[in-house]
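Working notes for the structure below.
The values are calculated or read from the model by the stated rules, or taken from the named source; none is laboratory data. Since this is a predicted model, take the numbers as computed values, not measurements. Ideal geometry is used to build each Cβ from the backbone, glycine not excepted, and the neighbour counts take in all protein chains shown.
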Amino acid sequence: MTTAPNAEPINRGLAAQRAAETLLHTLGGTSIYVRLPLDSALGEAGELGLASPATEDVLLAPVVVRNLTAPKSVRVQLELLVAAATLARVREIYAVGDALDFFNNALGVIQRGKLFRVDSVDVDEFSGFPYLYRLKVSE
Amino acid sequence: MMQAWKDSFYIALRDRLAARNPERTVRVGGEERPAIVVAENELVAAASPLLECFHLNWKQAAPVARLADEPAPLLQLVCSISYATEGSDELNAQDRGRVLAAMDAELLDICRPGRTEVEDFSSLEGPPFAPGQTLFWSLPVFGEIQHDGRRASRTATVELFAFSERSAG
């Protein structure tokens, strides 16, 4: 006799994913663009910094933006909260590794017309399911 | 002119690496190329440096003191070349010392002979312009191996020299 797998942790993980996105909506989520380089064969010109690949701006919403800029600092730092469900919906990204690749390969994040560089990405997980990505970005 | 020296050095090492070990390649922007990159020429992303790839970082540049008053002073540029490995999964990373040693040997080989013709690659159209200069450099000086968990890395330093052009007038 086989034992059915316990669906409880899976259900809780999926619930956490949906709840995170709903919460970001509720908190007045805004939108950001993630700028990604497109694969292109630039050859020697690219290696020498004489040519740059085309880029694609990917819209993510809802996103909650928190200002982390230290007092008296001239360098603006932000924390961006992105739900895992948003990434799954927009780019069909489900695995943590794929999400980290997505953000770490980005040339930056555009928020209110300004380009910020991604400094770090942290993942919040529940029951083995990622439900929230926390990006620290700076000017 | 200094840019032409930096470009010529990179191209020389890249072509020698492709001949020395054609397997040592890296995928950047969907393009496979010899595993050597100039850090300042690459896209700025948050991703960590590529493994088993030579990273060229340009450091200080200064006239060589005793030859600084010559009509065409001898200039010195310093280039640090960093590379790292995490070994292979097959050997549970226990081969990281061997991989690094192989890269040491490759770096030593591609730095010899320590000279190349200077070419100006700044024009995207047509072949590079050769101003008839020679760039020469020292053998790499290898720094200590750094260990960070599974990752082993090393930085070597190469000193490059070339005579600067006479300024017009």
With the condition kept exactly as written, say whether any residue in region A:54-61 is more than 20 Å from A:Phe116 (Cβ to Cβ) and either buried (at least 16 other Cβ atoms within 10 Å of the Cβ) or not charged (D, E, K, R) (or both). yes
Tell me which residues, restricted to region B:39-62, are in a loop (DSSP other than H, G, I, E, B) and under 18 Å from B:Ala101 (Cα atoms). B:Leu50, B:Leu51, B:Glu52, B:Cys53
Can you tell me which residue within region A:102-118, out of those that are under 17 Å from A:Leu68 (Cβ atoms) and without any contact (Cβ under 8 Å) to a residue 40 or more places away in the chain, is farthest from the other protein chains (Cβ to nearest Cβ)? A:Arg112
Boolean, B:Val44 is within 12 Å of chain A (Cβ to nearest Cβ), farther than 15 Å from B:Phe161 by Cα and crowded, with 16+ Cβ neighbours inside 10 Å: no
Restricting region B:29-38 to residues that are surrounded by fewer than 20 Cβ atoms within 10 Å (Cβ to Cβ) and outside any strand (DSSP E or B), the residue that is nearest to the other protein chains (Cβ to nearest Cβ): B:Gly30
Would you pick out the residues in region B:47-57 that are surrounded by 11 or more Cβ atoms within 10 Å (Cβ to Cβ), within 13 Å of another protein chain (Cβ to nearest Cβ) and more than 13 Å from B:Leu13 (Cβ to Cβ)? B:Ala47, B:Pro49, B:Leu50
Might you let me know whether region B:69-83 holds any residue that is within 30 Å of A:Glu139 (Cβ to Cβ), within 14 Å of another protein chain (Cβ to nearest Cβ) and in a strand (DSSP E or B)? no
Tally, over region B:1-23, of residues that are among the charged types (D, E, K, R) and surrounded by fewer than 18 Cβ atoms within 10 Å (Cβ to Cβ): 3
Kindly evaluate B:Gly87 against the criterion of being under 22 Å from B:Ala35 (Cα atoms) and part of a loop (DSSP other than H, G, I, E, B). yes
Test: residue in region B:15-28 that is modelled with pLDDT under 95, assigned to a loop (DSSP other than H, G, I, E, B) and within 11 Å of chain A (Cβ to nearest Cβ): no
For the subset of region A:32-43 comprising residues that are at the interface with chain B (Cβ under 7 Å from one of its Cβ atoms) and either among the aromatic types (Phe, Trp, Tyr) or surrounded by fewer than 16 Cβ atoms within 10 Å (Cβ to Cβ) (or both), which member is nearest to the chain's Cα centre (by Cα)? A:Asp39
Across region B:1-36, the tally of residues that are of a type outside the set (Ser, Thr, Tyr) and more than 18 Å from B:Val78 (Cβ to Cβ) stands at 22
Flag for A:Phe126 being over 14 Å from the mean Cα position of the chain (by Cα) and crowded, with 16+ Cβ neighbours inside 10 Å: yes
